[in-house]
Amino acid sequence: MNVDQVRNIFLVGFMASGKTSVGIALTRLSGWPFIDTDDEVVRWAGKSIDMIFQGSGEDGFRELEQSVINTICQRDGRIIAAGGGAFVDQTNRSRMLESGEVFCLDASANTILGRLSSQTGNEPVRPLLAGEDPLGRVQELMAERQPAYSEAHHTIRTDKLTPDEIASLILLTCGLEPRVSGG
């Protein structure tokens, strides 16, 4: 792949697949700025994702998410972590696929649930996983989203890799050299 062809690097995949951790590692290794679309949605709305879901439902959240992604895709040279369901939307998916290299970060449902449990502690559970059987819900959502995720340019299994290992693999795949940090 010609380095000049890499406009952006998109990280997609299910929640807790490693998008934010890998995005931060990529930024450190590449020098490109990191954008998390969920953080941008919160910034644009001026309220938490939970509050957006409570007030506008998933449809309202997805509409705002689509506007954020449209805006982000107009610029180049960025590492972009998209929310877990963002790539399922055909408009978002087309924009991302046309605006850079898309990497789907994949992990098992058990790994996802373990990561979510260690992340949330006493905080509220993610809105889409509220209910009696979170593992079943993770499996159900992963199966629903798999056809969209399979359209990513690349897929990386994250279960046993560190964020730095994944970031290095992504840079290598894109033909980008990690920057050397001066001491």
*How would you rank Leu135, Leu169, going from fewest to most other Cβ atoms within 10 Å of each one's own Cβ?*
Leu135, Leu169
*Short version: ³J(HN,Hα) in whole Hz for each residue of region 16-24, in order, from phi by Karplus 6.51 cos²θ - 1.76 cosθ + 1.60 (θ = phi - 60°), x for Gly and Pro, what are they?*
6, 7, x, 4, 5, 4, 5, x, 5
*Normalising by the residue count of region 3-174, find the relative contact order in percent from Cα pairs under 8 Å and 6+ residues apart.*
36
*Taking other Cβ within 10 Å of each residue's Cβ, how do Asp159, Asp133 sort, fewest first?*
Asp133, Asp159
*Give a quick list of trypsin sites (Lys or Arg not before Pro) in region 1-84 that DSSP marks as loop, anything other than H, G, I, E or B, with at most 14 other Cβ atoms within 10 Å.*
Lys47, Arg75
*Length gain on complete extension for the stretch Thr173 to Arg157, per 0.36 nm per residue less the alpha carbon to alpha carbon distance?*
4.3 nm
*Scan (i) 51; (ii) 65; (iii) 44 for the value of percent of Cα pairs over 22 Å apart calculated from this model and give just the label.*
(iii)
_Percent of Cα pairs exceeding the 15 Å cut-off, where the set is region 16-69_ = 52
*Please turn the phi angles of region 80-94 into ³J(HN,Hα) values with the Karplus equation 6.51 cos²θ - 1.76 cosθ + 1.60 (θ = phi - 60°), one per residue in order, whole Hz, x for glycine and proline.*
10, 9, 8, x, x, x, 4, 6, 5, 5, 4, 5, 4, 4, 4
*Out of residues 5 or more away from Arg7 or on other chains, whose amide H comes under 5 Å of its own, with H placed 1.01 Å from N in the peptide plane?*
Glu101
*Give, as a single signed number, the net charge of other residues whose beta carbon lies under 12 Å from the beta carbon of Gly31, with Lys and Arg counted +1 and Asp and Glu -1.*
+2
*Return one number: the angle in degrees, 0 to 90 and rounded to the nearest 10, between the long axis of the Cα atoms of helix 49-72 and the longest principal axis of the Cα atoms of the chain.*
20
*Amide H partners (placed H, <5 Å) of Ser108, local residues excluded*: Asp159
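Just so you know, all these numbers are worked out from the coordinates, no wet-lab data involved. Quick caveat, the model's predicted, so the values are computed rather than measured. Here the Cβ is made from the backbone with ideal geometry for all residues, glycine too, and neighbour counts use every protein chain on show.
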